[in-house]
Structures are given as C-alpha cells and as structure tokens.
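Undergrad: Sharing a structure with you now.
The values are calculated or read from the model by the stated rules, or taken from the named source; none is laboratory data. Source: prediction; values computed, not measured. Please note: Cβ atoms are built from the backbone with ideal geometry, for glycine as well, and neighbour counts cover all protein chains shown.
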Amino acid sequence: MSRPDQRPKRLKVGTRLTVTVEALDASGLGRGRVDLASGSAPVLVEDGLPGEVGEAVVLYAGRTPVLRLLRRRRTAAERRAQPLCPRWTPRSPCRLMHLCRTAQLEFKRARVRAAFAAHGIEVEVAPVEAPSPPLGWRASATFIVARHKGTVVLGAYRRRTHVVQPMEACPLHEGPITRAALALRTILEAQSLPLANPQPPVASDDACGGPGEPAALLEEARGGPPGSAASGPAADGLKYVAMRASGAGRVAVALLSPSGRLPGADRVAEALRAAVPAVASVSLGHSGPGDVIFGDGALVPLAGEVAIEEVLGGHRFLLTPRLFFQVNRLAAEYLHGRAKAAAGGGCILELYAGVGALTLRLAGEAQRVVAVERVGPAVRAARQAAAEAGLAERVHFIEADAAALFSGDARRLQEALGGRGSAGAAVLNPPRKGCAPAVLDGLARLGVPRIVYVSCNPDTLARDVARLCAAGYGCVRAEPVDLFPESEHVEVLAVLERTGSAASGPA
C-alpha cells in the first residue's frame, strides 16, 4: 500500500476493476475508490450510486479516471429507478434519471448544503420544491444540425465529446417542440438545405448520451464512433435551430447560420408552418463564433412574426427564441411567487431583470421597482409588457450593465431609487457565473436591508453570499426549486438580511 501522499499509477482505458461507490459528485457522477497495488485511487463512476459495489471498466484515464459500472455485486435498490426515457444512458444530459424522484430531490438539497458549507456559511436549506412533472416541462430547445448517412440530425453534443447525439424526440421537451423538430428534420432532408458543418461525428447508436455496450464505450473513449471527418464550416449553411414554445402551444423557430444567410430558408419556413400549424414564427439569424449559438444582429422574419406571445404570472410577454426566459413554466411561476413574498413591498431594486417576468410580479405589490438589464431587446420587451399590464408608472427600467452601473454611474441608480436607502429590498437573478464583485460591493454600500438572490448555480451563489456576509449581511434561508427535473441542476432562492452597519454610499 502506498503512503497517503503518493499518487497511484495511472490507469489504462479498458482496464476492469472492482469499484466501491461512496457518494455522488456535484454533476451526479458516482464518486468512489478502487484498490490498486500502488494504493487506493479516487475515481468517478458513471451509473454508480452510493453504497454500490461492482465490476467497472475504465473509460477515461485522466487525473481522476472515469469508470462505468458493468455488473453490480451490491446495489442501492431503494434509490435506483427505471429511467423514464427508453434511450437513457448514464451519459445522457438528464444525468439523474436513474435515481428515484425522492433521491433526486435529496441529492439537490445536499448539493446546495455542500456549496454553502464550502464557504463556511451556516444556513437552513429547505426541502426541494418540485412544482412540475419530470417530463414534458422544457419550453425551449437548441439543436445542432448535422447530416449522417444522408439523414439530417437535430441534436446536441454528447458529454465530453463533439459527437452529435440526435435529440429531436427528447421527452423533456414540451410536445409542440418535439412535433416541430421532427417535422423540420423531414423537411431539411427533402429540400437539401446547405449545412454549416454537414458531417461531424454523429452517434451511430440510438442511446441518448452515449453507447451502452463496453466495446462501443471504449471505441468512443478512444476517439468516437467511425464516420466522415468533419468538413470546414460553410458560412451560408444551417448550423443551429432554436425553438421556443408558449403555454398556448405556439412555437417560434430560429434558423441560424454563421453568415446570417441561408439559401432556401424561405421554402423551409413555409413548409414547416404548413406541416405544423402550431409553428407561429420562423426567423433567420446569425450564429456566434465557435460553439456560441446566437451571434450579433436581429432575427429576420421568414414566416409569421419573429415573436410569440407567452403568459406568466398573469402578464403577457412577446418572446423570440433569442431572449432568455425560464425553460420550466410551472417552476418559474412558483419561484417568482416565492421571490415576491420574500422581497415584500416598498421600493425594490431588481438586477438582471431580463424581459421583466419577475419584475412585473414584484410590481404587483411594490410601490416601485427599479429594474436593471443590459440586453436592449429584453428591456424593450419588458417595457412593452409593463405598459400592457398597466404597470409602467410603477416600474423604472435602466438599460445598463449592473457592474458598470455600480462602478461608474451610481448616481443614476440613486436617482432612480429616489435617494440612498430608499430601496427596501434588492432582487438578483444573474447568469450562472454569478454577480461581479462590483455589484455585491455596491449593494452593500447602498445598505439595502434585504437581498433576495435567485441562482441556477449553487457554487457561485454561495461564493457571492459569502462576500455579502463579509459586508454585513446574514443568510437567513435558502429555498431550492427543481427547475430542471431529471438533471443535476437546481435553482436556489436565498434570502439575506442586513446585520451590520452599512458602509458609506457611492460618490
């Protein structure tokens, strides 16, 4: 047995070992150990649950090897479930589908607790609320477009690869998106539309997320399944398709190419609307560089209007596939209600407001909401929604980057709030990367008595909460919401209250 500070000899792909699974990591992979002649080595285990022991094969031999369980000697039967999708494998995007529903929610609660504990924050984490069913909840989808053996594929990259996995019939998607995706695939095959990257490696099996047999697993681990080499990207070819469905069953579709041009796109748009009456909008736009989906420039309508109508919280919004909007309608309704209850009335400062879905919910009882958002089209959509709801006088929108506002234009924010100390609460809903330090420090200088922080990333949430706690706040509770059923992701609402004296306000 090696000393604790010695690193065991590197494992080789294809080696079979006995593994003991001890826990799940933050991504839902099993975390376990294997005993080697050189010592005990930590490993990650696909399809492994805590307490399971069995034979596994090495798929990736990096700093922390990844193994796949092949045969279990001991199984965690009380936690394991039959996946709801027949194409599921441990490499699918919905990584927790092999866990029973109760175990999924326990995992997500523990995930939030661990994130706070890593930053030394003691807070009561409530049980995870699950407002939506586990399937058919996803109201938006983005597909990579490829061609394999003459067949068009609308898919997504498998984990840790650039192998395209067909995803047209994913059961997480709402029905209108699935019907539109399947029809579009047939139309693209019939009309031979040019593709930006027509022949990337495409999965040759039907499993969602990866093959299941050991031989196929090892083949993919060593470089992917056989197929034509990827050709150079064509600027005028279709690269991505983005779809958004409304609660009324209407669908907006965006066709994206690197140049923003796509020969034959008009014919495809008309054919899609004829085949699927629920498709209310088809538009054309630029894809971004590399793997960035949306590039610069507005979407150009090909058939119908660019936007579709969505109703959330009793308010009407006009959405395009490009604008951010929560993907789970039922869970978003619940989450916004909890945020509204936590924020209370008075004057509320909202940062990262998006198209105003939470803004208008807050404005229902608040005296005034000052909403900050940097994306111009989102601000325009939010203003229109506020006007239609009769709330324009109670909501003041600022089109600006939140960090830049606190760093260089704090007086503009103070004037909108009516003077320092006039905001009774601040509501934050940043992207996964969290808030810039300038935003957190600026809030502390304002001395806002309560902060309601909504996040889809427990790690960056805990990091930002720790910074706010150091500036005089205390985290009083955390409420996880299962906005992304069957996956390892979780949304969290954290409530902070001022416990120390506020620093001097911005100059």
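Undergrad: Determine if region 272-292 includes at least one residue that is at positive phi and either at pLDDT below 95 or basic (Lys, Arg) (or both).
TA: yes
Undergrad: Have a look at Arg338, Arg361 and point out the one that is free of Cβ contacts under 8 Å to residues at least 60 places away in the same chain and within 25 Å of Leu417 (Cβ to Cβ).
TA: The conditions single out Arg361.
Undergrad: On to the next question. Is there a residue in region 17-29 that is assigned to a loop (DSSP other than H, G, I, E, B), crowded, with 19+ Cβ neighbours inside 10 Å, modelled with pLDDT under 90 and not hydrophobic (A, V, I, L, M, F, W, C)?
TA: The answer is no; no qualifying residue exists.
Undergrad: Being within 23 Å of Ala118 (Cα to Cα), loosely packed, with under 15 Cβ neighbours inside 10 Å and modelled with pLDDT of 90 or more: is that true of Pro42 here?
TA: For Pro42, the condition - within 23 Å of Ala118 (Cα to Cα), loosely packed, with under 15 Cβ neighbours inside 10 Å and modelled with pLDDT of 90 or more - is met.
Undergrad: Condition first: without any contact (Cβ under 8 Å) to a residue 60 or more places away in the chain and more than 20 Å from the chain's Cα centre (by Cα). Now tell me which residues in region 148-185 satisfy that.
TA: Those that are without any contact (Cβ under 8 Å) to a residue 60 or more places away in the chain and more than 20 Å from the chain's Cα centre (by Cα): Lys149, Gly150, Thr151, Val152, Val153, Leu182, Arg185.
Undergrad: Can you tell me which condition Ser132 does not meet? The list is (1) out of contact with any helix residue (DSSP H, G or I) (no Cβ under 6 Å at 6 or more places or on another chain); (2) part of a loop (DSSP other than H, G, I, E, B), and all the others hold.
TA: Going through (1) out of contact with any helix residue (DSSP H, G or I) (no Cβ under 6 Å at 6 or more places or on another chain); (2) part of a loop (DSSP other than H, G, I, E, B) one by one, Ser132 breaks only (1).
Undergrad: Now for a different question. Output the residue which, of all residues in region 181-195 that are among the hydrophobic types (A, V, I, L, M, F, W, C) and out of contact with any Leu (no Cβ under 7 Å at 6 or more places or on another chain), is farthest from Val327 (Cα to Cα).
TA: Per the stated criteria, the residue is Ala190.
Undergrad: Also: Can we say Glu350 is assigned to a strand (DSSP E or B), of a type outside the set (A, V, I, L, M, F, W, C), touching a helix residue (DSSP H, G or I) at 6+ places or on another chain (Cβ under 6 Å) and surrounded by 23 or more Cβ atoms within 10 Å (Cβ to Cβ)?
TA: So Glu350 passes the test.
Undergrad: Taking only region 381-398 into account, find how many residues are surrounded by 15 or more Cβ atoms within 10 Å (Cβ to Cβ) and of a type in the set (D, E, K, R).
TA: Residues flagged as surrounded by 15 or more Cβ atoms within 10 Å (Cβ to Cβ) and of a type in the set (D, E, K, R) within region 381-398 amount to 2.
Undergrad: Run down Arg498, Arg463, Arg467 and say which single residue is of a type in the set (D, E, K, R) and in contact (Cβ under 8 Å) with a residue 60 or more places away in the chain.
TA: Arg463
Undergrad: Just to be sure, is Thr359 at pLDDT below 95 and either buried (at least 18 other Cβ atoms within 10 Å of the Cβ) or of a type in the set (S, T, N, Q) (or both)?
TA: Against the criterion (at pLDDT below 95 and either buried (at least 18 other Cβ atoms within 10 Å of the Cβ) or of a type in the set (S, T, N, Q) (or both)), Thr359 does not qualify.
Undergrad: Filter region 375-389 down to the residues that are assigned to a loop (DSSP other than H, G, I, E, B) and in contact with a helix residue (DSSP H, G or I) (Cβ under 7 Å, 6 or more places away or on another chain) and list them by number.
TA: Ala389, the sole residue that qualifies.
Undergrad: Those residues that are of a type in the set (Lys, Arg) and either farther than 24 Å from Arg111 by Cβ or more than 27 Å from the chain's Cα centre (by Cα) (or both), I need them from region 18-62; list them, please.
TA: The one that is of a type in the set (Lys, Arg) and either farther than 24 Å from Arg111 by Cβ or more than 27 Å from the chain's Cα centre (by Cα) (or both): Arg33.
Undergrad: Suppose the filter is touching a residue at least 40 places away in the same chain (Cβ under 8 Å), surrounded by fewer than 21 Cβ atoms within 10 Å (Cβ to Cβ) and under 18 Å from the mean Cα position of the chain (by Cα); does Leu330 pass it?
TA: Yes, satisfied.
Undergrad: Return the residue satisfying two criteria in turn: it lies in region 81-113 and is touching a helix residue (DSSP H, G or I) at 6+ places or on another chain (Cβ under 8 Å) and in a helix (DSSP H, G or I), and of such residues it is nearest to Val66 (Cα to Cα).
TA: Arg111
Undergrad: Moving to a separate point now. Determine if region 223-236 includes at least one residue that is buried (at least 16 other Cβ atoms within 10 Å of the Cβ), closer than 27 Å to Val327 by Cβ and at pLDDT 75 or above.
TA: no
Undergrad: Filter region 442-495 down to residues that are part of a helix (DSSP H, G or I) and in contact with a Gly (Cβ under 8 Å, 6 or more places away or on another chain) and give me whichever is surrounded by the most Cβ atoms within 10 Å (Cβ to Cβ).
TA: Leu461
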